[in-house]
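Trainee: One structure, as structure tokens, below. Some questions next.
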Amino acid sequence: MGNFFYKLRCAMARFMYGRNGVDQLSWAMVVLGVALSLIGSLVGIPLVMSILSYINLAIWIVLLYRMFSRNLEKRRRENARFMAWWGPKQNALRGARARRKDKTHKYVRCACGTYCRVPRGVGRVELTCPKCGAKKIVNT
């Protein structure tokens, strides 16, 4: 039985050689497709459900086309454009999650947009932004 799965894996690897496969844009399309499926199943209006299912079908068709495409340069450009849009948002989400988990410091946002870290439990502290030099009094 193990030999069968090994042969199947090798055959799939040969088939996918030279094709785009799965990248970040493909994963985003999978998540969007699953979200649209869930929303469509929760909505009780038949017209909205059918519109969402057609949009979902189009997303999955484009997803499969991108995965099996041999035009690697074009798919890489598409993924690069997506990552240029999504990358800053993803980093902001990761930073916000890290700031929420840090219980020993308080994070204060400066007017220039920089987050400054101050130890908790110290009291009133005059904070100087390392980026713009603005001063601010913060209660920790």
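The values are calculated or read from the model by the stated rules, or taken from the named source; none is laboratory data. None of the values given here were measured: they were computed from a predicted structure. For neighbour counting, all protein chains shown are included, and Cβ atoms are generated from backbone atoms with ideal geometry for every residue, glycine included. What goes into the accessible areas is simple: the full protein's heavy atoms, side chains included, and nothing from ligands, DNA or RNA. Shrake-Rupley method; radii C 1.70, N 1.55, O 1.52, S 1.80 Å.
Trainee: Sort out which residues of the range 60-75 are assigned to a helix (DSSP H, G or I) and over 17 Å from the mean Cα position of the chain (by Cα), and write them in order of number.
Mentor: Those that are assigned to a helix (DSSP H, G or I) and over 17 Å from the mean Cα position of the chain (by Cα): W60, I61, V62, L64, Y65, R66, M67, F68, L72, E73, K74, R75.
Trainee: Then there's this: Among the residues of the range 83-140, how many are assigned to a strand (DSSP E or B) and either among the hydroxyl-bearing types (S, T, Y) or open to solvent by 70 Å² or more (accessible area, probe 1.4 Å) (or both)? Spell out the reasoning first.
Mentor: Of the residues in the range 83-140, the ones assigned to a strand (DSSP E or B) are 105-109, 115-119, 124-128, 135-139.
Those still in the list that are either among the hydroxyl-bearing types (S, T, Y) or open to solvent by 70 Å² or more (accessible area, probe 1.4 Å) (or both) too: 107, 109, 115, 117, 124, 126, 128, 135-137, 139.
Number satisfying all stated conditions: 11.
Trainee: Scan the range 33-48 residue by residue and report those that are among the aliphatic types (A, V, I, L, M) and surrounded by 15 or more Cβ atoms within 10 Å (Cβ to Cβ).
Mentor: The answer is L36, and nothing else.
Trainee: So, one more: Conditions first: (1) assigned to a loop (DSSP other than H, G, I, E, B); (2) surrounded by 14 or more Cβ atoms within 10 Å (Cβ to Cβ); (3) over 22 Å from the mean Cα position of the chain (by Cα). N20 passes all but one, so which condition is the exception?
Mentor: Just one mismatch for N20, condition (3).
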